[in-house]
Every structure is written in structure tokens, then in C-alpha cells.
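As C-alpha cells, the structure follows; a few thoughts come after it.
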Amino acid sequence: MALVSVVLDLALVVAAMLVTATLLIVGPRRIAAALQDARWRLEMCLLPLAVLAFVLFIRWSTVDIVIRIERRVFGNNLSPHLFELEQLLFPVNPVTVLQAFASPVVTEFFVFVYIYGYAFLLLFPFIAYFALDEMDDLSTLILAFTVNYAIGLAFYILFIAYGPRNYDPLLFEPLLYDVFPQARSLTNQVNQNTNVFPSLHTSLSMTVFFLAWLTREKYPLWVPISGVLAISVGVSTMYLGIHWFSDVVAGTALALISVYIGRNYTVRGIHRSIRSYLDSQLGKRGRTDQKYE
């Protein structure tokens, strides 16, 4: 029941935020016009959506397998290295610095941003770009999200990394569960405590902000809103003891890579490139086999 209650509360709050932002940023006329030819818009983005859904399905349906692979096959624990790197670079760990400002008000703000603001930040661009005359920006968003998840999954398989709250609970406070303990039932369903490097919360949030900047002429008001939220999400992951500063930096770099791929490639184009490469390799192998017959 705790999970149902948390999910229902999350859905209601985020829905209210989405409705408000849609009316203020997108506008009722643009939404009404988009709904009239919704079928065409969906058809244009069907392939990228299918690929994103496939990557998400693979990620969530192979959690147990991924855990066994990362621990029994690779077993590369980055946690001590991340801790030592930040001890070397900073006189005081950035997480410790942020948590020094801890107060009930600040903690409640960052908990809200981490859970509700993050969900809103990821969902609203789908509505905003769906309402545009062309579906290029929506396709870019979907492909960028797909790249984020795909690369993130690869890193989570290759490396084990625990966040500050799990690495050393004596040095770093688990503020998220201290203030909002019912969030544990939700986070346990969608994440693992070793899914730390890079921070997907940061990478996806910054992806939204970077795309908002690139499309600023279409939705100028969305740029400062997404920027404040994206930066707040990144800071919240450190303040709450979930991610290291290194995770946030890596997440930002992943966002840049994902946006670049999303802006310069398409799912069909990537498929054609892979197919062309495989065909050329198979052709070379066939010619080699013929040579030695």
C-alpha cells in the first residue's frame, strides 16, 4: 500500500505541474491544433519511441541478471576510487559541503526536486515538442533519452559504484530517507544502489536543459525553468547523499554526448550505418574465404 500511495501522490502532483506548464508555456491553442493531427505526429515518432521502449524494457527486465554480471563477472568497484579522487581534488568533499547547509526547509526542497521536479522535467518536453509543427525536436529528445539509458546501462553493468550514503553512512547523511522514508518503496522499484556512475538523474535532466537551449526560440520561457530544475536535480543528488560530484560531472558529459547524437543522427540513420558496416565486414570476410579456397 505504501508504494501505491507514493505513486498516486507522485502522479497527482506531477500531473498538476504538467497541466500548469502546458497552459503557460505551450498554450491551449497550440495543444488543440496538435491534437487534431495527433495520429500523424505519433506515426512520425513511432520508431524512436519503440527503440526507447525496448531499451527501457531491457533495463528493467534484466535487473537481476545485471546485478549478477556486474558483481560476479566484472566486479569493478569504483566507489573507493571516486571517494579518493574527490578527497584529492577538494579540501572538503562536495557532498559534505552541501550537507553542511542541511535544514528542514532545504531538505524538503531538494527532496521535492529529486522526486517530483525530476519526473516533471522528463515528461514535459514530450508534450511541448509534440505540439510543434515538426516532429524533429521530439525525435531528437527520444533518441537522446535512449542514448542516455543505453550508455548508462552499459556503465552499470561494467562498474559497481555506491553513492556517499551507502559508501560511508558515518560521513554522509542519507537525507532522502530521513525526511521522506516512503520514497524507499518507489526508488527500490526503479533503481539499484549500485547505479551511481554516471548519474542518470543528472544526465537526463541536463539533456532536457540542453535541448531547451537549442530550441529556445520556440519555447523561450522553458529555458530558465528547465535550467533551474536541471541544476537543482544535480545538486539534490549530492545534497541527499545519493551521488558523488564525479557522478554528476559524468552525467553532464553523458548529456552532452546524448544531445549531440540526438541532434545529428536518427534511428533510421544509425540502423543504416550499422547495417552498412556489417555488410562491408561480411563482404570482406567472404572475399577472404574465397581467396584461400
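Numerical summary
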quantity: Under 5 Å, built H, 5+ apart or other chain: amide partners of Ile160; calculated: Asn76, Asn77, Leu78
quantity: Three-way shape label, the range 2-265, alpha-carbon gyration tensor, a/c 1.5; calculated: prolate
quantity: Packing-based exposure ordering (other Cβ within 10 Å, fewest first) of Asp137, Asp178, Asp37; calculated: Asp37, Asp178, Asp137
quantity: In sequence order, calculated HN-Hα J values of the range 155-160 (Karplus, 6.51, -1.76, 1.60; Hz; x Gly/Pro); calculated: 5, 5, 6, 6, 10, 9
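Throughout, read-outs are computed from the coordinates displayed, never taken from laboratory work. This is a predicted model, so every value here is computed, not measured. Glycine gets a Cβ as well: all are built from the backbone with ideal geometry, and neighbour counts include every protein chain shown.
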